[in-house]
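A short reminder: the numbers here are calculations on the coordinates, not readings from a lab. Because the structure is predicted, anything quoted here is derived from the model rather than measured. Glycine also receives a Cβ, built like all others from the backbone with ideal geometry; neighbour counts cover every protein chain displayed.
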Amino acid sequence: MSTDPAYFTRMYEGSDDPWGFRSRWYEQRKRDLTLACLPEERYARAFEPGCSIGMLTRGLAQRCASLHAIDPVPTAVEQARREAAGVDHVRVERGRVPRDWPEGTFDLVVLSEMLYYFDDAELHEVIGRTLACALPGATVVAVHWRHEAEGHVRSGDGVHRVLAEVPELSRTAGHVEADFLLDTFAVHPGGRP
């Protein structure tokens, strides 16, 4: 079963930054590496589900002409909106994938620290919706913690093994550390070339 959305609400009731996105060097470094692994200097239209308080959103905004970010927790959305204040091309809304998926196509989809919260059915639905909205050649980036954690349905390694088996995704870069995995993929409709 996927992680109950109430789990995330409870996390933010205890702290406005429950994962230390603002304060931990680990988080800052991981964001910097994520942005550095994006193969294109600029993207036309990006989607970031599970944006939390918007720390990565702020970095992505500098690389995208249009960025749509969502999170299921209202207090996280408020914080992400504050992070993106004054940046007209960033839209932050409340929503949870796979149910709440924006319309249109994207040349960048960022799946950061979120896929291990989904059961098999929802994980495959998220991947399917990612492929359906991705333009040919689009970048998909996935970043996940490698250790066991409360609320995780599967490991980060397990998530990246699933992604590696998707015929439409071709890995273009990978970064492996003791604590996290970071992979970028190019989307090839109909399978890898």
**Message:** If I take every Cα pair under 8 Å that is 6 or more residues apart in the chain, average their sequence separation and divide by the length, what percent do I get for the relative contact order?
**Reply:** 19 percent
**Asked** More than 24 Å apart: what percent of Cα pairs in the chain qualify?
**Response** 33 percent
**Loop GluC sites (Glu not before Pro), the range 141-193, which have at most 12 other Cβ atoms in a 10 Å radius of their Cβ (DSSP)** = Glu148, Glu150, Glu165, Glu177
**Message:** Suppose we flag trypsin sites (Lys or Arg not before Pro) only when DSSP calls them loop and at most 14 other Cβ atoms lie within 10 Å. Which is the longest uninterrupted stretch of the chain?
**Reply:** 100-193
**Complete:** Length gained, Ser2-Glu125, 0.36 nm per residue minus C-alpha separation, equals 43.1 nm
**Prompt:** What is the gain in length, in nm to one decimal, between Arg99 and Ala44 on full extension, counting 0.36 nm per residue of separation less the C-alpha to C-alpha distance?
**Reply:** 17.4 nm
**Complete:** Long-range amide H partners of Ala138, meaning residues 5 or more apart or on another chain whose placed amide H is closer than 5 Å, are Val187
**Message:** Can you show me the helix-derived [θ] at 222 nm for the chain, built from DSSP H runs with n ≥ 4 at -39,500 (n - 2.57) apiece and divided by the number of residues, rounded to the nearest 500.
**Reply:** -9500 deg cm²/dmol
**Prompt:** For the range 5-187, what is the percent of antiparallel DSSP beta bridges, rounded to the nearest 5?
**Reply:** 45 percent
**Request:** Determine ³J(HN,Hα), in whole Hz, for all residues of the range 113-125 in sequence, where each value follows from phi through the Karplus function 6.51 cos²θ - 1.76 cosθ + 1.60 and θ = phi - 60°; x replaces Gly and Pro.
**Result:** 6, 9, 5, 6, 8, 9, 6, 4, 4, 6, 4, 5, 5
**Fill in**
If every Lys and Arg gets +1 and every Asp and Glu gets -1 at its Cβ, then about the Cα centre the range 81-186 yields a dipole, in debye to the nearest 20, of 240 debye
**Prompt:** To the nearest 0.05, how large is the calculated FRET efficiency for Glu78 and Ser170 if R₀ is 25 Å and r is the Cβ-Cβ distance?
**Reply:** 0.10
